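A.B. asks: Handing you this structure, nothing more for now.
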Amino acid sequence: MKRRDFVAFLGGAAALPLVARAQQPRSSAFDPRITPARGDLAAKHLAGVVEAQRFVEGKLYEIGTAQAPMREAPSQEAGLLTEALKGEAITIYDIGEAGSGEAGWAWGQLVGDGYVGFVPAGALRAPGPSPTHKVSALRTFVFPSSSIKRRRRNTRFSTFAMST
């Protein structure tokens, strides 16, 4: 066997598992970690794409606590998918009501990274005003108004959004 034939043979053998995997049927075309759909409920923009009993328009909230766990199911014992931090935007599709098995939990999708899961409903708050300024220097002065003659704020260890 010539060297060229041997190299071609090795390349074909290396590609065989990839071809076999590509021909296998997939059970679901959507990743449940980032697709806001479950058997009884799905996001309205997925109507006609996924099967669900009802489709709802989500409502925008933000995380109001320092951190909130996002879980696979509405339980503290359920697997942890990710952790949402204070100020992160989240679209909520369902909030558990008192008396149901999901009481105290909300089901939604994080806007930043797209993860879908259950967060504690107590960690949610209405979205605040959008920041109007962004301080991007490592250390800088922040003034309460547009005049540099005003007394500056100490920003050494604090983080906040300014509004006018």
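Coordinate-derived values only; no laboratory data. Small disclaimer: the values here were computed from a predicted structure and weren't measured. FYI the Cβ positions are ideal-geometry reconstructions off the backbone, even for glycines, and counts take in every protein chain you see.
A.B. asks: Among the lysines, select those whose C-alpha is under 19 Å from the C-alpha of K44, and discard any that sit fewer than 8 residues away in the same chain.
C.D. replies: Excluding near neighbours in sequence, the set is K59.
A.B. asks: While we're on this one: Students often forget the sequence filter, so: which lysines lie under 19 Å Cα-Cα from K134 once same-chain residues fewer than 8 apart are removed?
C.D. replies: Here the lysines satisfying the reach criterion relative to K134 are K86.
A.B. asks: Just want the ordering: I92, I34, from fewest to most Cβ atoms lying within 10 Å of their own Cβ.
C.D. replies: On the way: I92 18, I34 13.
Listing I92, I34 from fewest to most nearby Cβ atoms yields I34, I92.
A.B. asks: Along the three principal axes, how long is segment 53-136 when you take its alpha carbons, biggest first, rounded to the nearest angstrom?
C.D. replies: 44, 26, 21
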